[in-house]
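Accompanying notes for the structure given below.
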Amino acid sequence: MSQQEQSAVAAVTLPKIPSWDTDTLHVGADELDYVTIAEGVEVKVVHVDLNQGIWIVFNRFHPGAKVPAHYHSGQVYAVTLEGRWSYKESPEAVNEPGSYLFEPAGCTHTIEIPQDQEGPTVVWFAVHGVNVQLQDDGELDMVVDARTMLEGYRMLLGAMGKPAPKTLVFGE
Ligand SMILES: [Fe+2]
């Protein structure tokens, strides 16, 4: 292959490297507030990537709280920081501080927090895609994605008289 041909191939196949801003982005533990989204369920939205459909949140659950059955269109990564919880469908797998959970795309489950849990249960979730929330009778309740989560968070904070959150938002 001639040098000219090699250059032509390289021009086609080499990836374009974006010029990223190399500053890291930090959100302090107390820089964002939790909002209540259901009985005993609070959320703090720390990072949303609208281009990739990713939303990263901390959930704080109170003893006895429940998140009704929901279907994930994308995969989810979860790290439990405080308390304990499990799925109604697999109560033997208890999430507790330091445990890690991977939820594959296409899974459906129901979150339950033990009634006898002392103190809140705090979990970090990185969610891809869409959550389809179901009612107890299996009917559709609502669909949540990165944008609706961000907009809902802003709305609830606004209703509390809080200023615009310092959530990291990409793609807006
Ligand atoms: Fe889930």
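Every read-out reported here was derived from the displayed coordinates using simple, explicitly stated rules and does not represent laboratory data. Computed from a predicted structure; not experimentally measured. Using ideal geometry, Cβ is built from the backbone for each residue, glycine included, and neighbour counts are taken over all protein chains shown.
Observations
- The range 108-118, subset over 15 Å from the mean Cα position of the chain (by Cα) and within 14 Å of the ligand (Cβ to nearest atom), residue surrounded by the most Cβ atoms within 10 Å (Cβ to Cβ): Ile113
- Scanning the range 50-72 for residues that are away from the ligand (no atom under 11 Å from the Cβ) and either of a type in the set (Ser, Thr, Tyr) or under 26 Å from Gly171 (Cβ atoms) (or both) turns up Leu50, Asn51, Gln52, Gly53, Ile54, Trp55, Ile56, Val57, Phe58.
- Which numbered condition Met142 misses (of (1) within 17 Å of Ala38 (Cα to Cα); (2) within 16 Å of the ligand (Cβ to nearest atom); (3) of a type in the set (A, V, I, L, M, F, W, C); (4) surrounded by 15 or more Cβ atoms within 10 Å (Cβ to Cβ)): (4)
- All of Thr148, Thr121 fail the test of being within 13 Å of the chain's Cα centre (by Cα), away from the ligand (no atom under 12 Å from the Cβ) and polar (S, T, N, Q), apart from Thr148.
- Strands (runs of 3 or more DSSP E) completely within the range 58-172 that count 2 or more residues being among the small types (Gly, Ala, Ser): 90-95
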